[in-house]
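Q: Got a structure here, written out as structure tokens. Questions coming.
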Amino acid sequence: MPPVFRFAPSPNGYLHLGHAYSALLNFQRAQETGGRFLLRIEDIDPTRCRPDYEQAIYEDLAWLGIVWEQPVRRQSQHIAEYGAALERLQGMGLVYPSFESRAEIARLVARREADGGWPRDPDGAPLYPGAAKAMSATRRAELMSSGVPYALRLDMAAAVARAGRLSWDEAGSGPEGETGAVEASPAAWGDVILARKETPTSYHLSVVVDDALQGVSEVVRGQDLFHATGVHRLLQALLGLPAPAYRHHRLIRDEHGHKLSKSTRATGLRTLRAEGVSPAEIRHRIGLV
Ligand code: GLU
């Protein structure tokens, strides 16, 4: 079977040089290996994703000379499939609802930090500090039917105990040069959110379901997602899904060394194109020849 690669942007802004690098690397790997190249639109968040950004993704990638298979998988059309995976995890007793607002969570974290410190995840966000896991079934049911918003979280301790030690095959490298067989450390993320009342899935859950469903054999993506791979390996193990190989690549940075942002116009592909920059110049700028 030919290897399968994918580029999976979220249509919540215009693509920038970093996306061009990731998309071109995937496309090149597919061409070099006689593999397939898929484009996947990760549009599960209706508050941030817009049809015009999705259209811009198609235009910008085509302008770069990238060709992808049709039909494109759009995650918003597959929410029920992610729901089925969530139900399986719920059936294993690994999911619980939490009801705190963002403000309440911030207050709890501040209190714990003042009391001697509170851990943060690899992206720098504090771990979930609440006590919802211990809530009684009656109280849970009451709150859920009262209409208040909630998040469905993975009981990380129970999930890790069930799955045991996990690793992945890293063909690229992590931020600290990690490569080869990398041990997964999902516990560093705490009780991650798998779904919300208003968005019944999450990045972690849908990416794992889709990579398996689409037969992706090598995930080529930025180093900013390196540590999230631990959570992805855990979900794959729990759901009985195959583990692709991973190739995390360096991030393209601006002249100040900062990660690029979708809101900075200067490094946006649309802006560069409007300024008359050619696709060949884009490749040169990101170190691809
Ligand atoms: N949709 C994610 C993003 O735009 C990328 C997902 C992935 O490559 O795993 O950052």
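Q: Listed residues Leu61, Leu38; which is without any contact (Cβ under 8 Å) to a residue 60 or more places away in the chain and either crowded, with 18+ Cβ neighbours inside 10 Å or within 10 Å of the ligand (Cβ to nearest atom) (or both)?
A: Criteria check complete, one pass: Leu61.
Q: Also: Kindly check whether there is at least one residue in segment 45-58 that is closer than 16 Å to Pro200 by Cβ, within 16 Å of the ligand (Cβ to nearest atom) and of a type in the set (Asp, Glu).
A: Scanning segment 45-58 turns up at least one residue that is closer than 16 Å to Pro200 by Cβ, within 16 Å of the ligand (Cβ to nearest atom) and of a type in the set (Asp, Glu).
Q: Here's something else I'd like to know. Taking the residues in segment 18-35 that are more than 11 Å from the ligand (Cβ to nearest atom), surrounded by 20 or more Cβ atoms within 10 Å (Cβ to Cβ) and not hydroxyl-bearing (Ser, Thr, Tyr) as candidates, determine which candidate is nearest to Leu272 (Cα to Cα).
A: The selected residue is Ala20.
Q: Quick one: would you say Ser98 is buried (at least 18 other Cβ atoms within 10 Å of the Cβ) and more than 12 Å from the ligand (Cβ to nearest atom)?
A: yes
Q: Got at least one residue in segment 243-256 being farther than 17 Å from Ser22 by Cβ, within 16 Å of the ligand (Cβ to nearest atom) and either surrounded by fewer than 21 Cβ atoms within 10 Å (Cβ to Cβ) or in contact (Cβ under 8 Å) with a residue 60 or more places away in the chain (or both)?
A: yes
Q: Out of segment 223-242, which residues are within 12 Å of the ligand (Cβ to nearest atom) and under 20 Å from Ala85 (Cα atoms)?
A: Matches in segment 223-242: Ala228, Thr229, Val231, His232.
Table: residues versus (1) more than 30 Å from Pro3 (Cα to Cα); (2) at pLDDT 95 or above.
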{"site": "Arg153", "(1), (2)": "yes, yes"}
{"site": "Gly180", "(1), (2)": "no, yes"}
{"site": "Ala195", "(1), (2)": "yes, yes"}
{"site": "Thr199", "(1), (2)": "yes, no"}
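Q: Does Leu235 satisfy the criteria of being assigned to a helix (DSSP H, G or I) and over 18 Å from the mean Cα position of the chain (by Cα)?
A: Against the criterion (assigned to a helix (DSSP H, G or I) and over 18 Å from the mean Cα position of the chain (by Cα)), Leu235 does not qualify.
Q: Here is a follow-up. Given segment 133-222, what helices (runs of 4 or more DSSP H) lie entirely inside it while holding 3 or more residues that are more than 16 Å from the ligand (Cβ to nearest atom), out of contact with any helix residue (DSSP H, G or I) (no Cβ under 9 Å at 6 or more places or on another chain) and farther than 30 Å from Asn26 by Cα?
A: The helices (runs of 4 or more DSSP H) meeting that bar are 137-145.
Q: Does Gly215 fit the bill of being over 22 Å from Ala103 (Cα atoms) and in contact with a Ser or Thr (Cβ under 8 Å, 6 or more places away or on another chain)?
A: Answer is no for this residue.
Q: Same structure again: Of the numbered conditions (1) touching a residue at least 24 places away in the same chain (Cβ under 8 Å); (2) surrounded by fewer than 20 Cβ atoms within 10 Å (Cβ to Cβ); (3) over 25 Å from Asp224 (Cβ atoms), Arg48 fails exactly one; give the number of that condition.
A: Against the list (1) touching a residue at least 24 places away in the same chain (Cβ under 8 Å); (2) surrounded by fewer than 20 Cβ atoms within 10 Å (Cβ to Cβ); (3) over 25 Å from Asp224 (Cβ atoms), Arg48 comes up short only on (3).
Q: Go through (1) free of Cβ contacts under 8 Å to residues at least 12 places away in the same chain; (2) touching a Gly at 6+ places or on another chain (Cβ under 8 Å) and name the single condition Ala184 misses.
A: (1)
Q: Across segment 101-145, which residue is farthest from Met156 (Cα to Cα) among those that are under 23 Å from the mean Cα position of the chain (by Cα), surrounded by 12 or more Cβ atoms within 10 Å (Cβ to Cβ) and of a type in the set (D, E, K, R)?
A: Within segment 101-145, the match that is farthest from Met156 (Cα to Cα) is Arg120.
The values are calculated or read from the model by the stated rules, or taken from the named source; none is laboratory data. Owing to the predicted nature of the structure, the values given are computational and were not obtained by experimental measurement. Please note: Cβ atoms are built from the backbone with ideal geometry, for glycine as well, and neighbour counts cover all protein chains shown.
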